[in-house]
Amino acid sequence: MKIDNQTLTAIIMCCFDLASDDRVPEDWRPQFLAMGKRLRGLLLNLITADFEADTPKFKEASQRLREVNTLLRQEAQVLNDIANAIEQIGKLVGILDELLGVAIKFV
């Protein structure tokens, strides 16, 4: 049996994306880059490896791949939601600023 290389590749790509994403705190980015590189190195070996599907380590690795992939997708969505919220707040500020320009009276 082979490890789920597609899921592992998605995790690696997400790590590299997060390593270069300005929305991620600057001190976390090197960690994502290092993990992405480490996982990429493991992927090269895992592509050619076969495993017994019923072994505890294979089951644990497969489960953890799914969990981490889900977590990273959720975190990416949170970052997108935050970026969208910031964009929407910026638009609101512009609209309210324009609104003040047409006020007929200030108390």
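So, with +1 on the Cβ of K and R and -1 on the Cβ of D and E, and no other charges, what is the size of the charge dipole of the chain about its Cα centre, to the nearest 20 debye? Intermediate values should be presented prior to the final figure.
On the way: 13 positive and 16 negative charges, 38 e Å.
It comes to approximately 180 debye.
Dipole of the chain computed with +1 at Lys/Arg Cβ and -1 at Asp/Glu Cβ about the Cα centre; of M13, I3, A34, farthest Cα towards the positive end is I3.
FRET efficiency for the pair R40 and K91, taken as 1/(1 + (r/R0)^6) with r the Cβ-Cβ distance and R0 = 30 Å, rounds to 0.15.
Rank by packing, highest mean first: peptides 24-31, 2-9, with packing defined as the count of other Cβ atoms within 10 Å averaged across residues.
Values: 24-31: 11.0, 2-9: 14.8.
Descending mean neighbour count gives 2-9, 24-31.
The label-point distance for A53 and S20, in a model that sets each label 7 Å from Cα toward Cβ, rounds to 3.7 nm. Working from Cα pairs under 8 Å separated by at least six residues, relative contact order for the chain is 33 percent.
Laboratory data are not the source of any read-out in this text; all were calculated from the coordinates shown. Predicted, not measured: the structure shown is a model, and the values here were computed from it. When we count neighbours, we look across all protein chains shown, and the Cβ atoms used for this are built from the backbone with ideal geometry, even at glycine.
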